[in-house]
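A.B. asks: Got a structure here, written out as C-alpha cells. Questions coming.
The values are calculated or read from the model by the stated rules, or taken from the named source; none is laboratory data. Keep in mind it's a predicted model, so treat the numbers as computed, not measured. We place every Cβ from the backbone using ideal geometry, glycine too, and count neighbours over all the protein chains shown.
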Amino acid sequence: MAESNVSGRVVGIDLGTTNSLVAYMEGDAPVVIPGVDGSNLVPSVVALDPISAEGGRPTVTVGNSARKSLIQTPERVIYSVKRLMGRGLEEIQDELKMFPFRLADDVEAGEVPRIQLGELRFTPPEISAYVLRQLKRNAERFFGAPVTQAVITVPAYFNDAQRQATKDAGRMAGLEVLRLVNEPTAAALAYGLDRAKAGTIAVYDLGGGTFDISVLKLRDGIFEVQSTNGDTHLGGDDIDNLLLTIALDEIYAEHGVDLRGHPGAVQALRKAAIEAKIRLSTELSASFDIELPNGDRYQREIPRAVFELLIEPVLARTSGPCKQALADAGVTPEEIDEVVLVGGSTRIPAVRQLVDELFHLSARGKKPHIELNPDEVVALGAAVQADILAGASKSTEEMLLLDVTPLSLGIEALGGTVARIIQRNSTIPASATEHFTTGVDGQTNVAIHVVQGERELASDCRSLARFDLKGIPPMSAGMPRIEVRFLIDADGILQVSAREQRSGLAAEIEVKPTYGLTDEQVESMILDSFDHAEEDFAKRLLIESRLEAESILSKVAGAHKSPAWQQLTGEEQAAIRAAQDHLAQVNAGTDMTAIRNATLALDKATQRLAELMMDAAVSSALRGKTMNAAGEELEDAVTAPHPMAAAEFK
Amino acid sequence: MLKVLDSAVPVACWSCAVAHNDVTLFCPHCSKIQPPPGGDYFSVFGLEQRLDLDLAALEHEFHRLSRKVHPDRFARALENERQWSLADTALLNDAYRTLKDPLHRTEYLLKLQGAEIGEEHAGKDRKGQENLSRVPADLLEEVFELNMQLEEMRMAQKAGEADPDLQSSLEQAKRKFDGLQQEVDQDLRKQWQMWDEGDAVARKKAEKTMVALLDRRRYLSNLVRDVTETLGAE
C-alpha cells in the first residue's frame, strides 16, 4: 500500500501561460518563493542551450535566461506552451498561425503533437515539466530540503485532457500532484484567508492565454463554487498578437520589409508590442521605435483610445461567459457582493471598465479587489490549498474548497446525439451510473464514446475517450446488464469502472484517450529518469567546477597587484601565469576533470604567493594554507549563488 | 412505511471490526471513514424519504459532512481511505445536488417508488414539432402557434430583420408559459404534502399525479427555454 510521504512541504504552483510561480505557507500567510535571480516570476519559457555538450543532450534552460535566447536563437526557444496542453493536432492549427511553434514533421493525426526545439522534439507536457522542475528546484534551494508534493493550478475551464496533461507534466518533473486547483478558485482562497465573511463573490481571471470566470459562495470557511465558465484560448497573448499583426503589416506597407520570415525580428517586435501594451495601462499613449534589418526605423505612436478600440473585440469575448456563469449560479449582477480581479491582463483599464459594467460595481459604490498582486494571487491561493491538504496548520483547518466541473459529461447515443450524464457546474467529486447492454446475440464487447461539452451532437463536443467493455459473457442480445460508473474526481479528471451485473463479473475496460499520453509514455518522459540522472549529475559537477575555477582565477588576478607578487622569483611568476592560462583555457571547455586538475595545479603554484600574502597581512596562524583558503579568509567568501539546489547533492 | 435505517444491512468496520449499519460514512465506534453506504440519497443526510425539505438545514448538513469526508481531508491518508473518501464525497455531492432541487428531488423519489419516468424525456425534446404527440392536450393550439412564430423569428433573425410585433408576441407567450410553470410548481407542492403525510393509498395517488405534473413541467420548461434562446439570439 502506497502511503504518502507525510513529512516534507507541499508547495503551491501556478503553471501559467506567460509566467509560473511557486509559493508556500509561512505560518499563516502564503509567500512566493523567489528564484536565483531574486525574481518571483519564472517566465514559462524553455530554451535549448546553443552549445551541445559533446554529443550529449543539450542543456535546457528555463525562465529569464531562456527568454534572452528568444531573439538570438528563436528556433531553440518555446513559450506559451500551455496553449497546446492536452490538445490534438487538428485543434491547434489556429495557435500555429500566431505562435512560432514548430511541430515535428513526423507528427500524425491522433498523436500528441511534438514540438521541434533545435534538434530535439518535445511534447507539451515535457516542456511544462521543465518549467515545473525549475520551480521545484527553486523551492528546494529555498528550503534546503527536497520537495516532492505539490498543488498545481489550472484554468477552471480546462477540460479532462488538459488537466491530465498538466498532471502528467508534474509527474515528469518528479512531483506528486496532490491536487489540481482551478485558478480563479485559488485566487478566492488567497483573498478569503483574512476575511472570514459570508457572501457571493465573482472571480474574473484574464491571464496570458486563458480566461475564467467563477462565482463562489463563501460561508464559515467553505468556498462553494456555484458556477464557472471561460475560454481556454483567450488572454493577453491575443492582445499582443493584435499589436504585432498591425506592426508587421505596417512595416511591410511602409518599408517593404516582410519580417514574417525572420523569427528573431518577430520576437523583437513582439517584445516591443508587449512593452507598449504594459505602458498603455498607465499612460495615455505608447510608441514603437524599432530598427529594421535594412536600417530603416519603424516608429509608431499608439494612443490609448486607439488601443482600446483595437482590443474591444477580444475583451468582448469575456462578456458571454460572465453572463452565463451568473445565469448558471442563479444570481443577478447585483447579488455579487465582491469581484476579484486576477491575471496580468486585468491591469488594462479597459478590462476594469468592462468588469465594472458587467457587475454594476461603481453604480453600487463598489470596487473590484486588486489588493493582491494579480500575477501572484493564484500561486498564493495554491499555497493555501497545499496547506489545507497537508492538514497540519491551524490557519487553514476550517477552510474547505468545493469546486465544480466546468463542462458537462456525456455519452454518444444512437444517432450521434449526446446523453448527458453529469451536468456542468456539478460539485466534484461527482458520479453517474449508466447501464449498457448488447445489440447482437453472443456479443462480448460494447464500445462507449465519452464526450465533454454542451452541444447536442457528439461530433460538436470534445471527444474525451473511447471505452471498450470487453469480456462480456456471451448471452442473447439485450440480456447482459453492464453497469458503468463514471466518476469525476476532485481534480476534475474522469475515472471509469464497469461490471456485468447478471454474471457479477467485473468487465474489463480498455480506455483509448482521444488526446493524451499513455502511462508508459509518461513514464518514459520522466525528466530525471535513470538514464538522464547520471548525465545531469555530471552537468552539475561541471558547473560547480567552473565556479570554483572562476573563483580562484579572479583571486589570482587580483593578487598580481599585491606587494607579495613582487617578492616572487621570475620563475615562480611565470609558473603561476602558465597555470592561470591553462586553467582559463580548459575552463572554456566541458572537461570537468581537466578543470578540476588545472584548478588544483594553479592552487599549488600559488602556494608560496598565498603564504607571502598571509605573512604580510596577518599572523602566522594562517601559515601553510593555500591561495584558495587564504583568499577566502582574506577577501570576502565566495558569494556567487549556487545554481543548483543543495538538497539534490548526495 | 419501512424506515430506511431499519432496512440497512449490518457490516463490520474495516478498521476496528465492530459491526455497524451500512448507512454511515464513518464507523460509530472508531470514527474511521467507511466505503460508500448502500442507502438512498435521503439516508446520506440521515433523513427519511420525504418531499418537503428544510433546504437551509440540508445545506448545513451538506457542509458539515463535506468537512469530514472530502478528499482534501485525506490527501495523505492510506490509499483505501483516500479511495473511500473520494467515493463517499461523490455520493454526498450527488445526493445534495439531487435533493436540493425540487424537481430532481421529486423525480428521484418517484423513481425510488418504482415510477416510470422516461429517461429519454430528459433534455432531448428540443424541437417542439417532433414531440407534438406528447403536447398536453390543453396547450395543443398554443404550442402550434408558438412554434410557427419561433420559426418565423429565426428566419427573420437569419435575414437580419427586426420584427417588433413578433418579438412582443413571443415575449407575451413566454410570460404565459412562465406562469403555467409556476402553477405546476404550486400543484406539485400540494402533492408533496399529500405524499409526506398520506397513507399508502394516498401516496400512490399522489405519485401518479406527480408523474403527470413532472411531464407537463418538463414540457413547459423546454418551451420557455426555446423561446428564451430565440429571443436572446438577437
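For (1) crowded, with 16+ Cβ neighbours inside 10 Å; (2) at negative phi; (3) within 26 Å of the chain's Cα centre (by Cα), each residue gets a yes or a no:
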| residue | (1), (2), (3) |
| --- | --- |
| A:263 | yes, yes, yes |
| A:285 | no, yes, no |
| A:307 | yes, yes, no |
| A:317 | no, yes, yes |
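A.B. asks: OK, next. Just checking, does segment A:235-243 include any residue being outside any strand (DSSP E or B), at pLDDT 90 or above and either aromatic (Phe, Trp, Tyr) or farther than 30 Å from residue A:492 by Cβ (or both)?
C.D. replies: Checking segment A:235-243: at least one residue is outside any strand (DSSP E or B), at pLDDT 90 or above and either aromatic (Phe, Trp, Tyr) or farther than 30 Å from residue A:492 by Cβ (or both).
A.B. asks: Taking the stated definitions as given, is residue B:128 within 14 Å of another protein chain (Cβ to nearest Cβ) and modelled with pLDDT under 65?
C.D. replies: No; evaluated as a whole, the condition is false for this residue.
A.B. asks: Take the conditions in the same structural domain as residue A:84 (by TED's automatic domain parsing), surrounded by 23 or more Cβ atoms within 10 Å (Cβ to Cβ) and within 17 Å of residue A:12 (Cβ to Cβ) and apply them to residue A:161. Does it pass?
C.D. replies: No; evaluated as a whole, the condition is false for this residue.
A.B. asks: Would you mind finding the one in B:87, B:12, B:17 that is touching a Pro at 6+ places or on another chain (Cβ under 7 Å) and small (Gly, Ala, Ser)?
C.D. replies: When all the criteria are applied, what remains is B:87.
A.B. asks: A further question follows. Does residue B:57 fit the bill of being surrounded by fewer than 17 Cβ atoms within 10 Å (Cβ to Cβ), more than 10 Å from chain A (Cβ to nearest Cβ), of a type in the set (A, V, I, L, M, F, W, C) and part of a loop (DSSP other than H, G, I, E, B)?
C.D. replies: No, not satisfied.
A.B. asks: Quick one: in segment A:391-410, of everything that is in contact with a strand residue (DSSP E or B) (Cβ under 7 Å, 6 or more places away or on another chain) and surrounded by fewer than 20 Cβ atoms within 10 Å (Cβ to Cβ), which residue is farthest from the other protein chains (Cβ to nearest Cβ)?
C.D. replies: It comes out as A:393.
A.B. asks: Condition first: of a type in the set (Asp, Glu), more than 15 Å from residue A:421 (Cβ to Cβ) and within 14 Å of chain B (Cβ to nearest Cβ). Can you find one or more residues in segment A:458-479 that meet it?
C.D. replies: Checked segment A:458-479: at least one residue is of a type in the set (Asp, Glu), more than 15 Å from residue A:421 (Cβ to Cβ) and within 14 Å of chain B (Cβ to nearest Cβ).
A.B. asks: Restricting to segment A:183-207, name every residue that is assigned to a loop (DSSP other than H, G, I, E, B) and either touching a Phe, Trp or Tyr at 6+ places or on another chain (Cβ under 7 Å) or surrounded by fewer than 24 Cβ atoms within 10 Å (Cβ to Cβ) (or both).
C.D. replies: The answer is A:193, A:194, A:195, A:196, A:197, A:198.
A.B. asks: Now a separate question. Would you confirm whether or not segment A:363-377 contains a residue that is assigned to a helix (DSSP H, G or I) and within 26 Å of the chain's Cα centre (by Cα)?
C.D. replies: There is at least one residue in segment A:363-377 that is assigned to a helix (DSSP H, G or I) and within 26 Å of the chain's Cα centre (by Cα).
A.B. asks: Condition check: surrounded by 18 or more Cβ atoms within 10 Å (Cβ to Cβ), within 24 Å of residue A:59 (Cβ to Cβ) and more than 18 Å from the chain's Cα centre (by Cα). Does residue A:141 satisfy that?
C.D. replies: The answer is yes for residue A:141.
A.B. asks: While we're on this one: Has segment A:20-39 got any residue that is modelled with pLDDT of 90 or more and closer than 22 Å to residue A:263 by Cα?
C.D. replies: No, because not a single residue in segment A:20-39 is modelled with pLDDT of 90 or more and closer than 22 Å to residue A:263 by Cα.
A.B. asks: Given the condition closer than 25 Å to residue A:163 by Cα and without any contact (Cβ under 8 Å) to a residue 40 or more places away in the chain, answer yes or no: does some residue in segment A:73-88 qualify?
C.D. replies: no
A.B. asks: Among the residues of segment B:186-204, write down those that are loosely packed, with under 14 Cβ neighbours inside 10 Å and acidic (Asp, Glu).
C.D. replies: B:197, B:199
A.B. asks: Those residues that are in a helix (DSSP H, G or I) and more than 7 Å from chain A (Cβ to nearest Cβ), I need them from segment B:74-95; list them, please.
C.D. replies: Scanning segment B:74-95 gives B:74, B:80, B:81, B:82, B:83, B:84, B:85, B:87, B:88, B:91, B:92, B:95.
A.B. asks: Would you mind finding the one in A:259, A:280, A:216, A:234 that is in contact with a Phe, Trp or Tyr (Cβ under 8 Å, 6 or more places away or on another chain), more than 26 Å from residue A:308 (Cα to Cα) and either among the hydrophobic types (A, V, I, L, M, F, W, C) or within 14 Å of chain B (Cβ to nearest Cβ) (or both)?
C.D. replies: None of the others qualify; the one that does is A:216.
A.B. asks: Restricting attention to segment A:439-446, does a residue exist that is facing chain B (nearest Cβ under 10 Å) and assigned to a strand (DSSP E or B)?
C.D. replies: So far as segment A:439-446 goes, no, none of its residues is facing chain B (nearest Cβ under 10 Å) and assigned to a strand (DSSP E or B).
A.B. asks: For segment A:412-433, enumerate the residues that are modelled with pLDDT under 90 and more than 10 Å from chain B (Cβ to nearest Cβ).
C.D. replies: A:412, A:414, A:415, A:416
A.B. asks: If a residue must be at positive phi and touching a helix residue (DSSP H, G or I) at 6+ places or on another chain (Cβ under 9 Å), how many such residues does segment A:466-497 contain?
C.D. replies: Looking only at that region, the number is 1.
A.B. asks: Against the condition more than 29 Å from the chain's Cα centre (by Cα), outside the structural domain of residue A:180 (by TED's automatic domain parsing) and surrounded by fewer than 16 Cβ atoms within 10 Å (Cβ to Cβ), how does residue A:480 come out, does it pass?
C.D. replies: no
A.B. asks: Just one of A:246, A:239, A:251, A:222 is under 27 Å from the mean Cα position of the chain (by Cα) and either in contact (Cβ under 8 Å) with a residue 40 or more places away in the chain or surrounded by fewer than 20 Cβ atoms within 10 Å (Cβ to Cβ) (or both); which is it?
C.D. replies: A:239
A.B. asks: Being polar (S, T, N, Q) and away from every other protein chain (no Cβ under 14 Å) is the filter here, so list the residues in segment A:350-390 that pass it.
C.D. replies: Selection gives A:353, A:362, A:373.
A.B. asks: Residues that are at pLDDT below 50 and farther than 14 Å from residue A:549 by Cα: find the helices (runs of 4 or more DSSP H) completely inside segment A:561-650 holding 1 or more of those.
C.D. replies: Per the criteria, A:627-634.
A.B. asks: Only one of (1) at negative phi; (2) away from chain A (no Cβ under 14 Å); (3) touching a helix residue (DSSP H, G or I) at 6+ places or on another chain (Cβ under 8 Å) is not met by residue B:65, so which one is it?
C.D. replies: (2)
A.B. asks: Which residue pairs have Cβ atoms under 8 Å apart, sit 6 or more places apart or on different chains, and have a first residue in segment B:75-90 that is surrounded by 17 or more Cβ atoms within 10 Å (Cβ to Cβ) and a second that is among the basic types (Lys, Arg) and in a helix (DSSP H, G or I)?
C.D. replies: What qualifies is B:75/B:82; B:85/B:73.
A.B. asks: Moving on to the next point. Please go through segment A:40-49 and give me each residue that is part of a loop (DSSP other than H, G, I, E, B) and closer than 17 Å to residue A:271 by Cβ, ordered by number.
C.D. replies: Of everything in segment A:40-49, those that are part of a loop (DSSP other than H, G, I, E, B) and closer than 17 Å to residue A:271 by Cβ turn out to be A:41, A:44.
A.B. asks: So which of A:396, A:318, A:332 is farther than 30 Å from residue A:283 by Cβ and in contact (Cβ under 8 Å) with a residue 40 or more places away in the chain?
C.D. replies: A:396
A.B. asks: Related question: Would you check if residue B:45 is more than 14 Å from chain A (Cβ to nearest Cβ), under 18 Å from the mean Cα position of the chain (by Cα) and under 17 Å from residue A:224 (Cβ atoms)?
C.D. replies: yes
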